[in-house]
Amino acid sequence: TWWIRQAITRAIADQARTIRIPVHMVETINKLVRVQRQLLQELGREPSPEEIAKEMNISEEKVREIQKIAQEPV
């Protein structure tokens, strides 16, 4: 059922990274990745931050911020 799936997703979000990111931000990153993949299929090229922002109804600056947070530390 859905709460088992949610519990597993939350556990992965909490444990998967070297530096912990809050669960709500992990969910936002996952949404951005899904939208980016969808636009890649539709456009046949990598979408710009502007196109991603328009699709997600957020600012372009917020998209850049999310992408920066999503990067793994070296």
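Every number here is computed from the coordinates shown, using simple stated rules; none is lab data. These numbers come from a predicted model, not from an experiment. When we count neighbours, we look across all protein chains shown, and the Cβ atoms used for this are built from the backbone with ideal geometry, even at glycine.
With the simple spin-label model, which puts each label point 7 Å out from Cα in the Cβ direction, the S59 to V74 separation comes to 2.9 nm. Relative to its residue count, segment 2-70 spans a Cα convex hull of 102 Å³ per residue. In percent, rounded to a whole number, the relative contact order of segment 2-70 is 21, using alpha-carbon pairs under 8 Å and six or more apart. Multiplying the residue separation of N30 and E46 by 0.36 nm and subtracting their alpha-carbon distance yields 4.1 nm. Dipole magnitude for the chain: computed about the Cα centre from +1 point charges on Lys and Arg Cβ and -1 point charges on Asp and Glu Cβ, it is near 320 debye.
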